[in-house]
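What follows is calculated from the coordinates using simple rules that are stated; it is not laboratory data. If you're wondering where the values come from, they're calculated on a predicted model, not measured in any experiment. Note: ideal-geometry Cβ built from the backbone for every residue, glycine included; neighbour counts use all protein chains shown.
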Amino acid sequence: MMTPQIIEKINLFTPAEKITSKIICGDSFDILKEMSPNSIDLVVTSPPYADQREKTYGGVSPDKYVEWFLPISGELLKTLKPTGTFILNVKEKVVNGERHTYVLDLILSMKKQGWLWTEEFIWHKKNCYPGKWPNRFRDSWERLLQFNKQPKFNMYQESVMVPMGDWAKNRLKNLSETDKKRDDSKVGSGFGKNISKWVGREMAYPTNVLTMATEISNKNHSAVFPKELPLWFIKLFTKEGDIVLDPFLGSGTTAIAALELDRNAIGIEIKEDYCQLAIKNINEQLKKYGKN
């Protein structure tokens with residue numbers, strides 16, 4: 001394992017405090033074993049997908065994916081705080097004309113490992129690349145799986161609220177008698193709503209479908225997700241000063257997002273050139289705010 005490289009910079013927006021970003025070049029499993037238990041508030045990562053990024057990461061066979069990832073998720077289970085959250089960006093690939101089940105198999109195996117599969121978010125890629133295949137259409141979405149250690153965890157829903165939208169003006173103008181009281185679901189689900197409680201509200205809670213562009217500013221990494229993804233989850237599951245970990249840091253996107261939101265960041269990356277790229281990208285981001 002290489003000697004860890006550390007960047008320590010003054011907080012981007014509140015100079016009275018210090019926020020650090022530690023970039024560690026080495027194997028995630030080995031480094032996670034040395035980390036303190038119950039020390040991380042949020043894990044956000046996009047590990048190598050099955051058989052992809054072969055030139056940069058060697059690729060992991062779909063049939064071996066669960067076997068490869070479970071030791072890492074086991075160490076993350078140890079490292080995450082009881083109130084913390086783990087967000088895993090992953091998507092099944094097509095093998096011999098059908099979707100492989102390694103993501104579903106991984107979810108079931110992680111549940112046996114002790115994780116709670118709390119939620120699933122969908123990243124809708126609103127401008128994904130066009131293409132044509134004989135038996136399917138192009139992918140325009142990816143999974144973002146949420147895992148927790150316990151049912152009660154830190155979640156700051158107000159931080160990601162969205163405008164109500166123009167639809168509310170007409171919908172709430174003339175309320176029926178049903179709209180003015182709790183209307184329970186007719187299918188017996190236990191769900192109910194009172195439309196009148198929406199009157200006067202300017203903000204609403206979002207859905208679990210995140211619509212974001214696929215373009216990213218950094219073109220020097222084989223697979224980078226947009227900064228808006230980790231930004232959204234960091235807002236939702238952490239507060240200022242918390243610690244965000246990405247065990248597959250790549251070019252540093254998660255660490256940059258954490259710094260922008262005044263969170264401490266730890267990034268682990270096995271390839272030395274990507275460690276250097278992450279440091280470069282973080283420093284460039286800091287220069288934009290005059291803190292470097």
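Our coupling estimate for the stretch 245-254, obtained by passing each phi through the Karplus curve with A = 6.51, B = -1.76, C = 1.60 and θ = phi - 60°, is 10, 10, x, 10, 5, x, 8, x, 4, 5 Hz, Gly and Pro reported as x.
Among residues other than Glu92 with Cβ under 9 Å from its Cβ, the summed charge is +4 (Lys and Arg +1, Asp and Glu -1).
Which residues' amide hydrogens lie under 5 Å from the amide hydrogen of Thr214, considering only partners 5 or more residues apart or on another chain, with H built in the peptide plane? Correct list: Lys126, Asn127. Phi-derived couplings, Karplus 6.51 cos²θ - 1.76 cosθ + 1.60 at θ = phi - 60°, listed residue by residue for the stretch 104-119: 5, 5, 5, 4, 5, 5, 5, 4, 5, 6, x, 7, 9, 8, 7, 7 Hz, with x used for Gly and Pro. Near Glu119, the amide H atoms lying under 5 Å from its own belong to Gln146; only residues 5 or more places off or on other chains count, and H is placed 1.01 Å from N. Solvent-free Debye calculation, one equal scatterer per alpha-carbon of the stretch 41-136: log10 I(q)/I(0) at 0.17, 0.19, 0.20 Å⁻¹ equals -0.89, -1.07, -1.16.
Each Cα pair under 8 Å and six or more residues apart adds its separation to the average, and for the stretch 68-155 the resulting relative contact order is 42 percent. The string of couplings for the stretch 137-146 from the Karplus curve (6.51, -1.76, 1.60, θ = phi - 60°) is 9, 5, 6, 10, 8, 9, 7, 10, 8, 9 Hz, one whole number per residue in order, with x for Gly and Pro.
Near Met164, the amide H atoms lying under 5 Å from its own belong to Met203, Ala204; only residues 5 or more places off or on other chains count, and H is placed 1.01 Å from N. Highest-first packing order for the peptide set 171-177, 247-253 is 247-253, 171-177, based on the mean count of other beta carbon atoms within 10 Å.
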